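Below is one structure, written out as structure tokens; comments come after it.
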Amino acid sequence: MTLTDLSKLLNKSLSTMSGKMARDNFSEKDLKQIADILNFDYEAVFTDRETGKQI
């Protein structure tokens, strides 16, 4: 999928999406929407650096 295609599906301008890609600056809402479009599940995970335990 091209960035143009993804931009259209998210109802965002190509310049907005290009900026987010360049700055690696996606909100959690953006990531959830992208996952949904791509038919993926999105999960945010915190991992304790000392124990490796995920929550």
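The values are calculated or read from the model by the stated rules, or taken from the named source; none is laboratory data. Everything numeric in this text was worked out from a predicted model, so none of it was measured. We place every Cβ from the backbone using ideal geometry, glycine too, and count neighbours over all the protein chains shown. Ligands, DNA and RNA are stripped out before the accessible areas are found, and what is left, the full protein with its side chains, is counted by its heavy atoms. Shrake-Rupley method; radii C 1.70, N 1.55, O 1.52, S 1.80 Å.
With respect to the chain, whose longest principal axis is taken over its alpha-carbon atoms, helix 14-23 is tilted by about 30°.
For the chain, trypsin sites (Lys or Arg not before Pro) meeting the loop criterion (DSSP other than H, G, I, E, B) and having at most 10 other Cβ atoms within 10 Å: 49, 53.
With a Cα cut-off of under 24 Å and a minimum spacing of 8 residues unless on different chains, the lysine pairs in the chain number 9. A DSSP coil position with no more than 12 other Cβ atoms inside 10 Å describes the following GluC sites (Glu not before Pro) in the chain: 43, 50. Short-range pairs are left out: with C-alpha atoms under 8 Å and at least six residues apart, the relative contact order of the chain is 21 percent.
Put simply, the Cα atoms of the chain extend 41, 24, 16 Å along their principal axes, the longest span coming first. The residues of the chain have, on average, 86 Å² of accessible surface per residue, using a 1.4 Å probe with all protein chains present. When +1 charges are put on Lys and Arg Cβ atoms and -1 charges on Asp and Glu Cβ atoms, the dipole computed for the stretch 1-52 relative to its Cα centre reaches about 360 debye. Computed per residue of the chain from DSSP H runs no shorter than four, each worth -39500 (n - 2.57), the mean residue ellipticity at 222 nm is -14500 deg cm²/dmol. Which of 42, 54, 19 sits farthest toward the positive end of the charge dipole of the chain, with +1 on the Cβ of Lys and Arg and -1 on the Cβ of Asp and Glu? It is 19, whose Cα lies furthest towards the positive end.
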